[in-house]
Amino acid sequence: MNIHIIWDEANLPIIKSNLSNVIDVIDDTIAVSFDTWLFSSNGEFVIEFYHDGQTIIGLK
């Protein structure tokens, strides 16, 4: 499943990747910036990794 990775830093790019690849390196992915969002390409879900350690999953 393809997802888009978005960080809260405006000068960082939005990256498209495969969900299973991102999960394999999730610690490195969320270390890039304070807040990180994973959006599914088909709009089915969003996962937010908040800077205080909280993770929120939103489903369609």
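Nothing in this text is a laboratory measurement; each read-out follows from the coordinates by a stated rule. If you're wondering where the values come from, they're calculated on a predicted model, not measured in any experiment. In this analysis, Cβ positions are derived from the backbone assuming ideal geometry, glycine residues included, and neighbour counts consider all displayed protein chains.
Observations on the model:
- Matching residues, the stretch 27-60, being in a helix (DSSP H, G or I) and in contact (Cβ under 8 Å) with a residue 12 or more places away in the chain: 29, 30
- Scoring residue 1 on the criteria (1) touching a His at 6+ places or on another chain (Cβ under 8 Å); (2) in contact (Cβ under 8 Å) with a residue 40 or more places away in the chain leaves a single failure, condition (1).
- Matching residues, the stretch 20-33, being more than 9 Å from the chain's Cα centre (by Cα) and surrounded by 13 or more Cβ atoms within 10 Å (Cβ to Cβ): 32, 33
- Out of 5, 14, one residue alone is surrounded by 14 or more Cβ atoms within 10 Å (Cβ to Cβ) and of a type in the set (A, V, I, L, M). It is 5.
- If you go through the stretch 4-25 and keep only what is among the hydrophobic types (A, V, I, L, M, F, W, C), within 15 Å of residue 49 (Cα to Cα) and in contact with a strand residue (DSSP E or B) (Cβ under 8 Å, 6 or more places away or on another chain), you end up with 5, 6, 7, 19, 22.
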